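Structure first, commentary second.
Computed from the coordinates by the stated procedures, all read-outs in this text should not be read as laboratory data. These numbers were taken from a predicted model, which means no experiment stands behind them. When we count neighbours, we look across all protein chains shown, and the Cβ atoms used for this are built from the backbone with ideal geometry, even at glycine.
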Amino acid sequence: MKGNLVVYKASAGSGKTYTLATEYIAHLLSGEPDAYRHILAVTFTNKATAEMKERILQFLWELCHHRP
């Protein structure tokens, strides 16, 4: 992961939160123990932060309960 920088810049409603949440989960499942420490997501509102957190928790719940 060292040296890789990915920037997502897109308009409202384009799926940025979904993309960031799935990328976060993919890094968690990559097998690298500290993978989550290499992710930085910047949002501009508390609402956007809460939405991203909720989306990640939802994906984790679905993975644990085998629901696509």
*With +1 on each Lys and Arg Cβ and -1 on each Asp and Glu Cβ, and nothing else charged, work out how big the dipole of the chain is about its Cα centre, in Debye to the nearest 20.*
180 debye
*Only one of the values [x] 0.97; [y] 0.99; [z] 0.92 was calculated from this structure for Rg/Rh (Cα atoms, Kirkwood Rh); name its label.*
[x]
_Using only DSSP helix segments of four residues or longer, with each worth -39500 (n - 2.57), what per-residue ellipticity at 222 nm results for the chain after dividing by its residue count and rounding to 500?_
-15500 deg cm²/dmol
*Using the charge dipole of the chain (Lys, Arg: +1 at Cβ; Asp, Glu: -1 at Cβ; taken about the Cα centre), state which of H65, S11, Y36 has its Cα farthest towards the positive end.*
S11
